[in-house]
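Scroll down for the structure; my scribbles are underneath it.
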Amino acid sequence: MKRSAGRSAQPPSSGLGTTIDVETLRVRELSPRQLLRGGELEGRTPAAQLEGADLERHVQERVMTTTLDKAVAWARSNSFFPATFGLACCAIEMMSIVAARVDVARFGYEAFRASPRQADLLILSGRVSIKMAPIVRRIYDQMLEPKWAISMGACCSSMGVFNNYALVPADKFMPVDVHVPGCPPRPEALMHGVLKLRKMVQDDPDMGWRDRYGARGTEEVVPGAGARHGAAAVDRAGGDSIGDSDGA
Amino acid sequence: MSEYRRREQSITLSPVEEQVGSGADGPGGGTHELLTLNFGPHHPATHGVLRLLVTLQGETVHDIKPIVGYVHTGIEKTAEDKSYWKVIPVIERMDYLAYHFNAMAFCGAVETLLEVEVPRRAQYLRVIQLELNRIMSHLVWLGTSALDLGAISMFWYCFREREKILDLFEMSTGARMHTRYFQVGGVAEDIPPGFAEKLRGFLKEMPERLDQYGALLNRNEIVLQRLRGTGMLDVQTLLALGVTGPLLRAAGNAWDLRKADPRGSYDDFDFKIPVGTVGDNYDRFACRLREMYESVKIAGQALEGLPEGPHITADRKVALPPRHELATSMEALIHHFKLVTEGFRPPPGEVYFPVESPRGELGCFVVSDGSSKPARVHMRDPSFVNLQAFSQMAEGGYIADLIATLAMLDPILGGIDR
């Protein structure tokens with residue numbers, strides 16, 4: 001507050017010849033020419049002297065436009081924070097993707113976080129027993145949105161070679177984005193799964209898990225939150241994924 | 001509500017006020033607050049999904065209650081539902097860092113039931129795989145334990161060598177983990193051309209690498225401070241608790257089934273059993289590090305002295321006939337069909353077959369009722385037995401030492417819960 005007040009008292013002089021108020025700078029859209037031609041640089045850089053079609057081409061070659069959603073999805077998909085969470089055999093192979101041969105740090109996913117609050121990717125590495133399933137679900141619930149889950153190996157996708165009373169497939173109690181087959185999958189296979197997830201997040205960031213699983217309307221209603229603000233507030237309280245695509 | 005659920009819910013997690021000692025040992029008049037800390041099942045230092053209820057008095061560990069069963073997979077029950085040779089894949093997934101040892105214990109038990117003679121070449125091939133598996137298991141232990149102690153670079157060095165062992169496994173067996181290489185009566189395949197050269201190269205390189213690990217850790221002041229004199233337990237207590245493996249050897253008892261009860265031609269090889277002196281965490285660490293040198297020696301001897309001959313028994317009632325015989329021999333076709341559809345039927349009886357796994361005595365108890373499926377398969381898993389010594393090791397020490405003790409205990413939860 002103080003800083004902006006001080007600034008508006010002394011408006012910065014622009015090199016374009018006119019004095020620009022801070023308030024007008026916020027609302028107007030800068031034209032390509034203004035983007036390229038800094039005031040101090042006028043007359044010095046060759047780009048500042050371009051006109052017409054040359055200027056258009058110059059701008060198209062150098063300036064990339066995108067939507068904010070796409071930029072955010074790009075950033076998110078290149079910096080997953082997996083949770084340090086191992087269950088069984090697959091956990092050993094999950095550790096291998098951090099090791100030197102299949103170096104997951106090449107893609108920016110090497111920061112494993114021990115706390116689910118700091119993680120956004122849950123790699124279910126191993127067999128989930130019935131005793132463990134509520135804990136896995138709680139860890140998944142503790143992770144902040146947006147979050148993704150990879151079911152690694154046959155056991156937590158389909159109960160694998162065991163297929164008996166003790167195990168439960170992960171799809172029964174939590175949403176899973178990518179299933180990686182194998183018993184256990186090679187580290188390369190897990191890498192492939194993670195990169196598939198990256199592509200999914202980049203290409204279709206609106207596809208949250210509620211849409212994929214047909215789970216619209218199953219949001220948990222926090223008492224008191226939804227009464228005043230209606231459906232949109234309920235949606236937010238339930239914790240939507242990457243973005244609201246239904247326009248609620 | 002089941003009895004188990006009732007017991008589980010009866011565990012209180014709230015802090016308890018308790019009168020500890022007399023009024024002399026504290027400014028607060030002798031009343032200390034004990035803090036009950038829930039540790040796991042999701043915690044990076046538990047090496048799996050072990051849950052510990054730790055009661056702390058300040059920073060001192062007052063009481064530990066391990067709670068297991070979070071990866072209970074029902075493998076023993078599933079094994080009763082499969083014919084003998086189809087049990088091997090599920091058995092391998094118990095102690096998932098020692099898969100060859102699981103298969104060895106089970107196959108050995110069934111071979112004893114069937115009284116099948118395992119060819120000498122198969123025994124030597126098994127020894128090569130077992131000792132490579134032991135090195136691999138110890139490497140994972142060393143990497144993750146060093147990670148717990150704050151030495152992060154060890155993890156990358158250990159996993160670099162582990163990948164080389166897994167390459168060898170992939171070459172000889174076709175898979176990195178859970179290879180199903182061990183069969184009743186021998187091994188699935190002979191080693192491929194080029195394997196011996198590659199293994200020789202690895203065995204030549206590995207001692208140098210182990211020297212480097214030792215140089216990194218043995219004079220590291222932080223590691224020494226964390227390991228020396230912590231988690232100490234004497235031989236008598238360890239024996240009373242049934243502890244085996246490197247934990248027992250670190251306390252000075254040279255009990256190793258490879259020497260004490262050599263099965264599978266282990267008496268052909270010349271190797272030493274590393275033994276500790278006081279039984280603290282440092283001795284456990286040093287014992288396992290020395291064991292890797294010895295395993296390199298055993299694998300080298302087995303490779304150089306590899307006898308000629310078949311890699312699996314010629315008994316067609318037990319082992320599958322070679323593929324080429326199926327095209328020409330009617331008997332081979334019948335044997336193949338019978339083995340694949342029904343399997344063999346061992347005579348009624350019961351057998352206990354122990355092997356020395358990386359964590360101690362891994363025994364398989366098989367009961368046969370004369371049918372083609374085992375009536376009971378039970379594993380004496382060393383991690384499970386060793387875990388009961390954990391509370392005695394860590395009680396009275398600091399909570400930081402609890403992490404180091406757990407790391408040096410090296411429990412594998414897949415083996416504990418099965």
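For this structure, a couple of remarks:
- Pairwise FRET efficiency - B:Q388 versus A:T66, Cβ, R0 = 56 Å, nearest 0.05: 0.40
- For A:L190, net neighbour charge (Lys/Arg +1, Asp/Glu -1) across residues whose Cβ lies under 11 Å away: 0
- Shown for A:M95, A:M200, B:M104: other C-beta atoms within 10 Å of each C-beta, ranked fewest to most, produce the order A:M200, A:M95, B:M104.
- The range B:49-63 residues near the modelled B:E33 label - backbone nitrogen below 14 Å, point 7 Å along Cα→Cβ: B:56-59
- About the centre of its Cα atoms, the range B:67-181 shows a dipole size close to 220 debye [charges on the beta carbon of Lys, Arg (+1) and Asp, Glu (-1) only; nearest 20 debye].
- With each label modelled as a point 7 angstrom along the Cα→C-beta vector, the A:Q142-A:N164 pair spans 3.0 nm.
- Pairs beyond 27 Å (Cα-Cα), from A:K131/B:K77; A:K172/B:K77; A:K147/A:K172; B:K65/B:K272; B:K164/B:K373; B:K164/B:K272: B:K65/B:K272; B:K164/B:K373
- Look at A:S115, B:S368, B:S265 and count the other Cβ atoms within 10 Å of each Cβ; fewest to most, that gives A:S115, B:S265, B:S368.
- Overall form of the range B:47-158 per C-alpha gyration tensor (a/c, 1.5; a/b vs b/c): oblate
- In this structure the amide hydrogen of B:T60, modeled in the peptide plane, comes within under 5 Å of no amide hydrogen from residues 5 or more places off or on another chain.
- Counting only alpha carbon atoms, the long axis of helix B:153-173 and the longest principal axis of chain B meet at about 20°.
- Given R0 = 56 Å, the distance between the Cβ atoms of B:I334 and A:R57 translates into a calculated FRET efficiency of 0.10.
- Global geometry of the range A:128-180, whether rounded, prolate or oblate, following the gyration tensor of its Cα atoms and the 1.5 cut on a/c: oblate
- Alpha-carbon centroids, the range B:367-412 and the range A:74-108: separation in whole Å: 28 Å
- Local electrostatic count, B:P89, Cβ distance below 11 Å [Lys/Arg +1, Asp/Glu -1]: +3
- For the range B:184-195, 3J(HN,Hα) computed residue by residue from phi via the Karplus equation (6.51, -1.76, 1.60; θ = phi - 60°) reads 5, x, x, 10, 5, 9, 6, 5, x, x, x, 5 Hz, glycine and proline entered as x.
- Estimated distance in nm for a label pair at B:S10 and B:E350, the labels positioned 7 Å out from Cα along Cα-to-Cβ: 3.0 nm
- Principal-axis tilt of helix B:120-148 within chain B, Cα atoms, nearest 10 degrees: 20 degrees
- Taking the C-alpha atoms only, the angle from helix B:281-304 to the longest principal axis of chain B is near 10 degrees.
- Computed over the range A:102-158: relative contact order in percent, which uses C-alpha pairs under 8 Å that are six or more apart: 44 percent
- Dipole axis of the range B:189-261 (+1 Lys, Arg; -1 Asp, Glu on Cβ), positive-most option in B:A250, B:G229, B:L199: B:G229
- Taking Cα centre as origin and charging only the Cβ of basic (Lys, Arg, +1) and acidic (Asp, Glu, -1) residues, the dipole magnitude of the range A:75-205 rounds to 220 debye.
- Partner chain coverage, peptide A:81-90 - average Cβ within 10 angstrom: 5
- Shielding by partners for peptide B:115-125, expressed as the average number of C-beta atoms from other protein chains within 10 Å of each residue's C-beta, is 0.
- Each Lys or Arg adds one and each Asp or Glu takes one away; over the other residues whose Cβ falls under 15 Å from the Cβ of B:L413, this sums to +2.
- Spherically averaged projected area in nm², based on the convex hull that wraps the Cα atoms of the range A:55-174: 9.9 nm²
- Assigned charges on the beta-carbon of Lys, Arg, Asp, Glu; chain B dipole about Cα centre (debye): 800 debye
- Long-range HN-HN contacts of B:L52 with modeled amide H, under 5 Å: B:F39, B:G40, B:I67
- Amide proton proximity set for B:R376, modelled H, under 5 Å, gap of 5+: B:V367
- Label-to-label distance, nm, for residues given as B:E304 and A:R106 (7 Å Cα→Cβ offset): 3.9 nm
None of the figures in this text is laboratory data; all of them are computed from the coordinates on show. Since the structure is predicted, the reported quantities are computational estimates derived from the model, not experimental observations. Glycine also receives a Cβ, built like all others from the backbone with ideal geometry; neighbour counts cover every protein chain displayed.
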